[in-house]
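Here's the structure, in structure tokens; my notes come after.
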Amino acid sequence: MREFIVENLTNTEALSVTVIVMNNVLALVAAFFIMFTYKISFTGSAYSRKFNVSLGSITIITTMIMSVISNNVALSLGMVGALSIIRFRTAVKDVRDAVYIFWAIAAGIGCGVSQYALIAIGSAFLLLFLILTRRGFTSEKKLMIVQGDVAALHKIEAAVENFFDRKVQVTMRNVTKTSCELVYSIGEGLLSKAAKEKQMDISEKLIKIDGVKRVNIVDQKDELSQ
């Protein structure tokens, strides 16, 4: 029994050069595929080419690791212990970036154990899912911030309600003795639709009201900055 355990733990059957080359070639193809998907499905404010290149590197590195520890339980346990002491200080700014990191690792693992069909089919379905959810199932929001005199408060609210046919509500109202500030959260589709129907932009309409000093329309992001 002892000999059986030792034999299985110390099995060092090496992969052939052909298999190693094939694994790395497929890992390279998967890496470029993931990088291409990340680029075309990116919806953030600042695309990072460095992060995209890192995704491809993760795929190839993971393939190398899997090739090293394949068929060797003792070596795999040692590798887990070695990697556990590594700390990664870089924070992921967008939760969607974590998806691509896990995808790169999964692709590297699959290529390292020669599961080419699994990686190809899984990556194709993931590409389709990411493209479909890039715009179709997400709602881009705009924040409209209106600042002016307190005497213009009711005129501003009436103008916004009329412009959007009462489909928009105030999300924040800040009023002092002399000034007021109103914040509206508006869907991008509703904003463009109303502007097309009224033949003018909401900011143009509001700035014409006496007492309105400033109208700002900014993107409402779904992530928090640290």
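The values are calculated or read from the model by the stated rules, or taken from the named source; none is laboratory data. Everything numeric in this text was worked out from a predicted model, so none of it was measured. We place every Cβ from the backbone using ideal geometry, glycine too, and count neighbours over all the protein chains shown. Heads up: the accessible areas ignore ligands, DNA and RNA and are worked out on the full protein's heavy atoms, side chains in. Shrake-Rupley method; radii C 1.70, N 1.55, O 1.52, S 1.80 Å.
Among the residues of region 148-167, those that are closer than 14 Å to I207 by Cα and open to solvent by less than 50 Å² (accessible area, probe 1.4 Å) comprise G148, A152, L153, I156, E157, A159, V160, F163.
Within the bounds of region 185-192, is there any residue that is modelled with pLDDT of 85 or more and either of a type in the set (D, E) or over 14 Å from K141 (Cβ atoms) (or both)? No, region 185-192 contains no residue that is modelled with pLDDT of 85 or more and either of a type in the set (D, E) or over 14 Å from K141 (Cβ atoms) (or both).
Within region 168-183, residues that are open to solvent by 90 Å² or more (accessible area, probe 1.4 Å) have Cβ atoms under 9 Å from residues that are in a strand (DSSP E or B) in these pairs: Q169/Y184; Q169/S185; R173/C180; R173/E181; R173/L182; R173/V183; T178/D149, counting only partners at least 6 apart in sequence or on another chain. In the set (1) small (G, A, S); (2) at pLDDT 60 or above; (3) surrounded by fewer than 15 Cβ atoms within 10 Å (Cβ to Cβ), the condition left unmet by S45 is number (2).
For region 140-162, does any single residue satisfy the condition of being at pLDDT below 85, assigned to a loop (DSSP other than H, G, I, E, B) and closer than 25 Å to S41 by Cβ?
As a first pass, look at region 140-162 and keep what is at pLDDT below 85: 140-142.
Still in the list and also assigned to a loop (DSSP other than H, G, I, E, B): 140.
Of the ones still in play, those that are also closer than 25 Å to S41 by Cβ are 140.
There is at least one residue in region 140-162 that is at pLDDT below 85, assigned to a loop (DSSP other than H, G, I, E, B) and closer than 25 Å to S41 by Cβ.
Condition first: surrounded by 16 or more Cβ atoms within 10 Å (Cβ to Cβ) and under 26 Å from the mean Cα position of the chain (by Cα). Can you find one or more residues in region 127-137 that meet it?
Yes, there is a match, as at least one residue in region 127-137 is surrounded by 16 or more Cβ atoms within 10 Å (Cβ to Cβ) and under 26 Å from the mean Cα position of the chain (by Cα).
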